[in-house]
Amino acid sequence: MHADPLKNRLLSSLPYDEWQRWRSELEWVDMPLGHVLYESGSTLKHVYFPVTSIVSLLYVMENGASAEIAVCGKEGLVGISLFMGGESTPSRAVVQSAGYGFRLRAQVMKDEFNRAGPVLHLLLRYTQALITQMSQTAVCNRHHTLDQQLCRWLLLSMDRLEGNELIMTQELIANMLGVRREGVTEGALKLQNLGYIRYSRGRITVLNRPGLEERTCECYAVVKREYDRLLPATQET
C-alpha cells in the first residue's frame, strides 16, 4: 500500500512552500489498535497526522475510568497542546482504529507555528473545530441517549475511514463512551436488528448510513458542519 501523507486533510491543505519544508521532516508511523501515542501529563515530542487510522482522545480519571472527548483521523492532527503553549495535556491519545499516519517532530511544528504564517491560521481553524467536537461530545453525553451517542460515534468514525468497516470491541466502545459494556451490547444489537449495522467478533460494518444519520442527535451534524466550514476541502497552492 502506498503511504501518501497528502491523504491527510491538513497536510494536503498546506501551501506549496510550507509543504516543501515539511515533506522531508514527516516520518511514517504504524498505528496498531490500542497503541498509546501519549499519556496524560506527558511532554509531547511529536504531533501525529493520521491517514488510515483513527485516534481517540480520552480523559482519564484518577481511578482509571475514562471517557472519550474527541476523535481524530485523516481530517486532522493529534497533539494541539504542543503549539497552543501547553507542551502537555491531561488527556490520553490511543489508536481506536488501526492504520498508519505520519509524525512531525515537536520543534519543527513549533518553529512553523511561530512563523505566524498561513500554517498558524490553518492550525487555529482546526483547533476551533476540535474544540467544537469536544464541547458537543460533553453536551451529548449529558443530554442524549446511549443509542444516539452510539450513532454519533459510529458516524464520526466512518467519516474518518475509507470504507464502511470498523474493528472495535464492545469493551473499547464502552470505555470510549464512558458507559457499561452491557449498554453498548444492547445499543449495538438494536442497531443490528434495524439493519443499520452488522456486528460480529469486534467488526462493525455500517449497512445503512442514512438510517444512522436519522437516528442520531443533532450533535453529529453540528460537528461535521464546523469541520467543513473551517477546513479547506482541497489543497491550497
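Values in this text are rule-based calculations from the coordinates and carry no lab data. What you see is a predicted model; the values in this text were computed from it and never measured. Neighbour counts are summed over all protein chains in view; Cβ atoms, including those assigned to glycine, are modelled from backbone coordinates with ideal geometry.
The alpha-carbon of Lys110 sits under 17 angstrom from the alpha-carbons of these lysines, leaving out residues fewer than 8 places away in its chain: Lys45. Phi-derived couplings, Karplus 6.51 cos²θ - 1.76 cosθ + 1.60 at θ = phi - 60°, listed residue by residue for the stretch 122-129: 5, 5, 5, 5, 5, 4, 4, 5 Hz, with x used for Gly and Pro. With respect to the chain, whose longest principal axis is taken over its alpha-carbon atoms, helix 146-159 is tilted by about 40°. With R₀ set to 45 Å, the beta-carbon distance separating Trp28 from Val222 gives a calculated FRET efficiency near 0.85.
Comparing Leu26, Phe113, Leu166 along the charge dipole axis of the chain, the residue lying farthest to the positive side is Leu166, per the Cβ-charge model. Remark: the stretch 86-237 carries a charge dipole of roughly 220 debye about the Cα centre, counting +1 on each Lys and Arg Cβ and -1 on each Asp and Glu Cβ. Sorted into 10 angstrom bins from 0, the C-alpha pair distances of the chain split as 7, 33, 37, 18, 5, 0 percent. Converting phi to 3J(HN,Hα) with the Karplus coefficients 6.51, -1.76 and 1.60 and the offset θ = phi - 60°, the stretch 87-93 yields 6, 9, 8, x, 9, 10, 10 Hz in sequence order, with x at every glycine or proline.
Residues whose amide H lies under 5 Å from that of Val29, counting only those 5 or more places away or on a different chain, are Gly101, Phe102, Arg103; hydrogens are built 1.01 Å from N in the peptide plane.
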